Each structure stands twice: as structure tokens, then as C-alpha cells.
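Written below as C-alpha cells is the structure these notes are about.
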Amino acid sequence: MIKVGIIGATGYAGAELVRLLMSHPQAQLTAISSVSFEGKAISQVYPSYYNLNDMVCENADQVVDKCQVIFAALPHGLSQELAKVCFDKDKIFIDLGADFRLENEDDYKEWYGGEYTDKELHKNSVYALPEFFRDNIKGKKTIANPGCYTTGVPLAIGPAVAKGLVETKGIIADCKSGATGAGRGLSQNTHFTDLNEGFHPYKVACHRHTPEIEQTLSHLANKPVKITFVPHLLPVNRGILSTVYAPLKEGVTEEQVRQAYEEFYNDEYFVRLLPKGQVADIHNIKYSNFGDVSLHMDNRTGTLVAVSAIDNMVKGAAGQAIQNMNIVCEKTGLEIIPPAF
């Protein structure tokens, strides 16, 4: 059993890590921390854990000392110092925040307003989207876990970009997220009376996940890729639906596209390429680490419409972080079946 700990266990992503790790067959949840609830049991914050997990929140240093793998579910700007401590102690650090996601420090400065405090540590980190970069993840100690939109969009359009089936100009990512994507903190746009029975875009063409998505697609295309990315807020708790529109290259057929996706995802357990005629739906993946992908062709305009559905708290956060731990530590787990209703 590998000893794991969570720093920031009382946020939504941290609490989801608690839920998933409690049933992991080869990991022992050993310590958790929370600045806001230090000294309180996780079951006091989330009563659903009562009598199932009554671990008391400690401080971050105690979590690092007791554990071999440390998950950090923290806002951006708070992980770099912790990552350095873990690196020096030869421990695995998996960051669910944004501090290690962007390769270019100028992008981090522009979109997050921060700096890299240890450039060498960043060079030794890895961006860990398993379905695309698994070979790079193995053996690494500092792991940048992708976020929700930055997982959903590449899952939808990545194989078409990697295989050169679509133009890399004119790609549009139209995405919808459940309210948990905004985190546990209160805000006006997630206030019940504003969110309920409403539906609206936000941060139109200026969301900070844009450079991260472009970074992944650029690696797959082996050349710079720019996209138009527009997120929307759904009045539901969980799920992200990404509908991505990309111009097909001249002469590319529907059969070629489907064959490319089948080959790309053939050995990927957590990606389910749906049969022709079915449509990806957030209803079918909730509480699981699965990502469903459906393919559609607009033959009239020569456009590929690729759709992905993920649970933003699992495949888009905690589940993917555990998936990355499984890769690094050669463990199993996460075989969670999504409910039928």
C-alpha cells in the first residue's frame, strides 16, 4: 500500500480525492490538510463521510512528512513551494492547480499573473494528460494534472489534430460546465438564484485555460495551434460537455476520421468512443473517470463536430490525478462504473 495525502482536502477537488482514494485497492489515505478547517474532521465539513472517514485535517507539513504521494488541490500560486519540498524529499507531488501546467513562463505571467520560483523544478515537471503523454509521465516526481476544459477539449479533437485530418486554423471549442468547476468558494454567478434556470457563457474568448488547450493541441500537431474557446455555465452540479468544430482537410472522409479515433483510443480504457449515431452526454459519465467521445460530420460545410463528455470533478480533476498516480506508481484503481440514472 502506498501512503498518500491530500493538501487542500476540503475543497471540491480535494473532497473528491478523499472519496476516490478511500476505495483505491493499493493506496492508503494517510493524512489530509486544510487551512480553513485545520483541526476539524473531514466528516464535519462533508457529513456524507460520517463514520466512513473521520480523519482530522492537519497542516501541510504533516501531510508531506507522513506520505509518499502528495496531492495538492489548491488555487494557483500556492503549489510551487510545496512541490520543491516534495522534490527535495524524493516524494511524488501531483498538482491539481495551474502552477506547473504551462511550459512557457510568459504565458503563466500573462494568464495567471505569477512567476516560476524555481525554473529547474519546472523543467523537471511533466504535463500529465494520460491519453496523450503517458510515456512522459512515467518516472516523474512533479506532475501537473490538467484541468477540466483542458481535458475535455483535447479528448474531443486531439486525434483529428494529431493525425492531420483537420485544419489547425478555425477550430472552435464550445464548452459547458457544471457549477462545481467554479470551486467551493462563493461567487455571484454560482449563486442559486442566478444559476438556476439560467444558462450563459462567461470569460468569452479570454478564459485562462485557452493557452493550456493550445499547448496540448500544438504538441499533437507539431506546430502552433490557436483556437476560439468559449465556456458556458450549466445549472447542474457536475459534468463538462465540449463540442469542438474543426474544418476538415480536403478529401478527408468520415470513415477516415472514425478509423483514426479508433486507432488512437484503442488501448485507452477510460475513453469510450461511441458508435456512429450516438451522442456524448454528461449524464452517462458522472462520478466516473470515463470520457465519452462522439463524432459527427457536417458534410455540407466540411466540418468535423467532435463531442466529449467528462465528469469535471473526476476525469477533469481528482480521478485523473489518481490515474496519473497509478501510472507513476504502477498501481491500479479507478474502475468506477457510472450510474445508469
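For G14, indicate whether it is in a strand (DSSP E or B), under 24 Å from the mean Cα position of the chain (by Cα) and small (G, A, S). Spelling it out, it is not the case that G14 is in a strand (DSSP E or B), under 24 Å from the mean Cα position of the chain (by Cα) and small (G, A, S). Taking first residues from segment 237-250 that are in the same structural domain as L165 (by TED's automatic domain parsing) and closer than 30 Å to F192 by Cβ and partners that are acidic (D, E) and in a strand (DSSP E or B), the Cβ contacts under 6 Å between residues at least 6 apart in sequence or on separate chains come to T243/D174.
The residue pairs whose first member lies in segment 80-93 and is surrounded by fewer than 20 Cβ atoms within 10 Å (Cβ to Cβ) and assigned to a loop (DSSP other than H, G, I, E, B), whose second member is modelled with pLDDT of 95 or more and of a type in the set (A, V, I, L, M, F, W, C), and whose beta carbons are closer than 8 Å, counting only pairs six or more residues apart or on different chains, are K89/V64; K91/V64; K91/C67; K91/V69; K91/I70. Taking segment 315-330 as the range and being surrounded by 24 or more Cβ atoms within 10 Å (Cβ to Cβ) and of a type in the set (V, I, T) as the test, only I322 passes.
Taking the residues in segment 154-197 that are charged (D, E, K, R) and at pLDDT 90 or above as candidates, determine which candidate is nearest to H283 (Cα to Cα). Selected residue: K176. Selection within segment 56-74: residues that are in contact (Cβ under 8 Å) with a residue 60 or more places away in the chain and not hydrophobic (A, V, I, L, M, F, W, C). The member of this set that is surrounded by the fewest Cβ atoms within 10 Å (Cβ to Cβ) is K66. Note on segment 178-216: residues that are surrounded by 12 or more Cβ atoms within 10 Å (Cβ to Cβ), more than 19 Å from the chain's Cα centre (by Cα) and in a helix (DSSP H, G or I) amount to 4.
For a quick check of your reading of the model, give me the residue pairs whose first member lies in segment 110-134 and is surrounded by 15 or more Cβ atoms within 10 Å (Cβ to Cβ), whose second is assigned to a strand (DSSP E or B) and not aliphatic (A, V, I, L, M), with beta-carbon atoms closer than 9 Å and at least 6 apart or on different chains. That search, which allows pairs on different chains as well, returns L121/T142; H122/T142; S125/F93; S125/D95; S125/T142; V126/T142; E131/G291; F133/Y127. Each residue in segment 251-282 was checked for being free of Cβ contacts under 8 Å to residues at least 12 places away in the same chain and surrounded by 16 or more Cβ atoms within 10 Å (Cβ to Cβ), and 0 of them qualify. Among the numbered conditions (1) touching a strand residue (DSSP E or B) at 6+ places or on another chain (Cβ under 9 Å); (2) under 25 Å from G178 (Cβ atoms); (3) surrounded by fewer than 19 Cβ atoms within 10 Å (Cβ to Cβ), the only one that A41 does not meet is (2).
The values are calculated or read from the model by the stated rules, or taken from the named source; none is laboratory data. These figures come from a predicted structure and were not determined experimentally. Quick reminder, even Gly has a Cβ in these numbers, built from the backbone with ideal geometry, and neighbours come from all protein chains shown.
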